[in-house]
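Notes for the one structure printed next.
No value in this document is a laboratory result; all are computed from the given coordinates. Everything numeric in this text was worked out from a predicted model, so none of it was measured.
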């Protein structure tokens with residue numbers, strides 16, 4: 001029974017689906033996990049006897065369904081003058097009851113696992129769990145959601161148990177890892193799995209005591225030098241304080257061949273070669289904003305360093321805003337490919353924390369690029385179309401179940417209305433036991449035209465208001 005009544009102001013509705021995946025990952029997907037949904041106004045200030053806005057309550061519940069959470073609800077008091085809260089629960093429960101067989105006893109279909117542990121929160125996070133642990137997690141998972149890459153939370157003790165379903169695991173600044181957890185990660189990579197790690201991952205043991213080097217230094221292709229530039233924290237918002245006015249430099253530099261003014265001092269692009277795929281989409285820039293913390297590391301031989309750190313320089317007055325040290329050679333990303341086909345990306349620059357905090361599109365795009373390169377395997381789902389959509393794919397014997405929750409225009413304070421999106425084109429990789437002769441909607445109650453080709457089924461949803469659930473069987 002989950003007491004997870006509503007979202008905080010800094011998180012989105014998607015955190016409720018994640019809560020469902022997290023508890024099922026611990027307890028098993030054959031368990032039920034009801035959740036108490038608050039029908040009173042529970043936001044920045046709580047109003048115990050007033051109704052929560054219907055769109056706010058509904059979206060929190062729909063993300064619960066997408067995370068395989070069963071609905072429960074509560075009101076404060078037995079009598080209410082604000083009657084609006086009653087019908088919200090009624091409609092949600094009716095829909096869940098009608099479709100319950102598809103909403104329980106199922107397993108996620110995802111080949112990306114994001115690693116966590118409570119010990120990392122307690123012994124590495126210590127007095128700053130939000131800065132050290134929560135923000136990097138939010139940055140990684142929100143980028144996965146925004147770029148429609150399904151994932152599952154994986155406890156650090158369960159890597160060996162869950163590895164057969166995964167092609168990639170991600171360590172979002174998981175500073176505290178035991179020796180046995182590090183060995184499980186090494187075994188995963190030795191067996192052909194890929195790895196992304198950020199920040200101080202494996203720098204400490206399970207009790208939060210520092211190691212002399214990363215516990216996974218040989219996998220990272222980088223060694224800890226026990227120092228850093230920048231800060232976990234956001235400095236005060238003041239142009240006179242430019243401690244986080246930093247950048248990341250892309251290599252090779254291409255601006256000599258890109259539209260814009262030239263001084264004649266641009267690096268020669270002849271023989272520069274192509275950029276690494278993790279830099280896809282940045283063809284017209286040689287820098288991207290950073291503003292975070294970078295661990296100073298010594299890269300090993302024969303690794304690829306496509307990003308380096310540009311140290312701070314003044315913001316104001318504008319006449320002083322030019323780079324004092326444009327090429328520091330401090331590695332912001334270290335990439336390596338192993339003979340068995342596995343790929344490892346170690347990112348000493350905390351772009352995950354920066355994305356959680358600032359939501360800069362460059363950071364989200366970069367995270368997506370790293371994930372797709374490291375994964376080196378097909379994502380089981382492709383969703384094309386406008387909007388911010390949380391995509392959750394599940395399997396039951398003989399069928400696939402796809403939840404699409406429309407999160408467009410839902411970040412920030414309480415939402416006023418749901419903004420419909422569409423059309424949305426979907427392609428789902430088929431499993432051996434799924435014939436996929438029919439695609440039908442549990443929300444619009446229609447059958448969708450579909451096409452099977454190259455092991456996938458493709459169909460188009462013309463309009464999604466709040467959510468859509470598709471049954472493929």
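Miscellaneous remarks
- Acute angle (nearest 10 degrees) that the helix 85-98 long axis makes with the longest principal axis of the chain, alpha-carbon atoms: 90 degrees
- Stretchable slack from residue 231 to residue 46, in nm (0.36 nm times residue separation minus alpha-carbon distance): 63.2 nm
- Cα gyration tensor category, rounded, prolate or oblate, for the stretch 185-325 with a/c compared to 1.5: oblate
- Cα gyration tensor category, rounded, prolate or oblate, for the stretch 224-306 with a/c compared to 1.5: oblate
- Kirkwood hydrodynamic radius over Cα pairs of the stretch 1-114, then Stokes diffusion coefficient at 25 °C and 0.890 mPa s, in µm²/s: 167 µm²/s
- Considering only alpha-carbon pairs that sit under 8 angstrom and 6 or more positions apart, the relative contact order computed for the stretch 400-473 is 46 percent.
- Value of [θ]222 nm, deg cm²/dmol, for the chain, DSSP H segments ≥ 4, -39500 (n - 2.57) each, nearest 500: -6000 deg cm²/dmol
- Take the convex hull of the alpha carbons in the chain; its mean projected area over all directions comes to 25.0 nm².
- Kirkwood Rh (inverse of mean 1/r, distinct Cα pairs), the stretch 112-375, angstrom: 18.9 Å
- Compactness of the stretch 113-239 as Cα Rg over 2.2 N^0.38 Å, two decimals: 1.06
- Among beta bridges that DSSP assigns inside the chain, antiparallel share in %, nearest 5: 75 percent
- The chain: relative contact order as a whole-number percent, Cα under 8 Å and 6+ apart: 15 percent
- Based on the reciprocal of the average 1/r between different C-alpha atoms, the Kirkwood radius for the stretch 16-60 equals 12.2 Å.
- Tilt relative to the chain, helix 54-66 - C-alpha long axis, 0 to 90 degrees, to 10: 80 degrees
- Contact order, relative form, for the stretch 261-398: 22 percent (alpha carbon pairs under 8 Å, 6 or more residues apart, mean separation divided by residue count).
- Gap separating the Cα centres of the stretch 6-80 and the stretch 345-365, nearest whole Å: 28 Å
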